[in-house]
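Notes for the one structure printed next.
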Amino acid sequence: QADGGAGSGVYGFDTGPANTLLDGWYRRHQPHGGSYDAGGQWAASGRLVPALLEQLLAHPYFAAPAPKSTGREMFTLDWLDGELDGCAYAPADVQRTLQSLTCHSIARQLPAHSDAPTRPELFVCGGGAHNAPLLAELASLLPDWHLTSTAQLGLAPDWVEGAAFAWLAQRFIQRKPGNLPAVTGASRPAVLGALYPA
């Protein structure tokens, strides 16, 4: 169905923080090294802290059923600081553990939502598509999945978000719904956004 309602076969949800915590923690501890951990190099210099990983994965969001959505308002550095309270982990070890949090939050939730008759495919986009250690860990957690980037679909991984907002703008101009209730959990399809002429 075009409206994304029941029976449309289209669904989706946010699995977790993606790179939000990785980027924020990196900027805090590597203030002169850019805005993100290029290639995951700093995380690769640290060691995984399994107990911390399981503690972070106990966040209720990960067990909540889809549809669901999250972002910077939930997985903040303030939240992370609370989880780290009283712990003296090396910053690089926390970064390495945050990489695993991203990977596990994806790998623990995707299989339950795949009904692919053959090997399921996972197309990666955004900054994570350039992070080889993160992709290797994700692949190890999803051995039955084929991982590749959205470039294989003809869309560069760095362009996906921009393309999505362009599509949303087009839908607004056409006065057509820009949401899929099966994905967002909204009560109905709706025209999204607003126009603010100069």
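Going through the range 42-59 one residue at a time, which ones are outside any loop (DSSP other than H, G, I, E, B) and either within 13 Å of residue 21 (Cβ to Cβ) or without any contact (Cβ under 8 Å) to a residue 12 or more places away in the chain (or both)? Selection gives 43, 50, 51, 52, 53, 54, 56, 57. Restricting 15, 97, 70 to those that are at pLDDT 90 or above, within 15 Å of the chain's Cα centre (by Cα) and either open to solvent by 30 Å² or more (accessible area, probe 1.4 Å) or not acidic (Asp, Glu) (or both) reduces the list to 15.
Looking only at residues in the range 111-121 that are open to solvent by 30 Å² or more (accessible area, probe 1.4 Å) and under 19 Å from residue 11 (Cβ atoms), the one that is modelled with the highest pLDDT is 121. Taking the range 127-145 as the range and being surrounded by fewer than 16 Cβ atoms within 10 Å (Cβ to Cβ) and either in contact (Cβ under 8 Å) with a residue 40 or more places away in the chain or part of a loop (DSSP other than H, G, I, E, B) (or both) as the test, the residues that pass are 132, 143, 144.
Report whether or not residue 77 is under 19 Å from residue 15 (Cα atoms), open to solvent by less than 30 Å² (accessible area, probe 1.4 Å) and at pLDDT 95 or above. In short, no. In the range 16-34, which residues are outside any helix (DSSP H, G or I) and either in contact with a Pro (Cβ under 6 Å, 6 or more places away or on another chain) or without any contact (Cβ under 8 Å) to a residue 12 or more places away in the chain (or both)? Matches in the range 16-34: 31, 32, 33, 34. Using the structure shown, decide if residue 112 is without any contact (Cβ under 8 Å) to a residue 40 or more places away in the chain, out of contact with any strand residue (DSSP E or B) (no Cβ under 9 Å at 6 or more places or on another chain), among the small types (Gly, Ala, Ser) and in a helix (DSSP H, G or I). Judged against the criteria, residue 112 is a match. Among the residues of the range 144-190, write down those that are farther than 26 Å from residue 112 by Cβ and among the polar types (S, T, N, Q). Hits for the range 144-190 are 170, 174. Exactly one residue among 191, 183 is of a type in the set (Val, Ile, Thr), assigned to a helix (DSSP H, G or I) and surrounded by 13 or more Cβ atoms within 10 Å (Cβ to Cβ), and that residue is 183. Within the range 42-58, being small (Gly, Ala, Ser), over 21 Å from the mean Cα position of the chain (by Cα) and open to solvent by 20 Å² or more (accessible area, probe 1.4 Å) holds for 45, 51.
Filtered by the rule that a residue be assigned to a helix (DSSP H, G or I) and open to solvent by less than 90 Å² (accessible area, probe 1.4 Å), the range 146-169 gives 150, 151, 160, 162, 163, 164, 166, 168, 169. Within the range 60-95, being under 14 Å from residue 17 (Cα atoms), among the hydroxyl-bearing types (Ser, Thr, Tyr) and in a loop (DSSP other than H, G, I, E, B) holds for 69, 70, 76.
The values are calculated or read from the model by the stated rules, or taken from the named source; none is laboratory data. From a predicted model like this one, the values you see are computed outputs, not experimental measurements. Here the Cβ is made from the backbone with ideal geometry for all residues, glycine too, and neighbour counts use every protein chain on show. Accessible surface areas use protein heavy atoms only, side chains included; no ligands, DNA or RNA. Shrake-Rupley method; radii C 1.70, N 1.55, O 1.52, S 1.80 Å.
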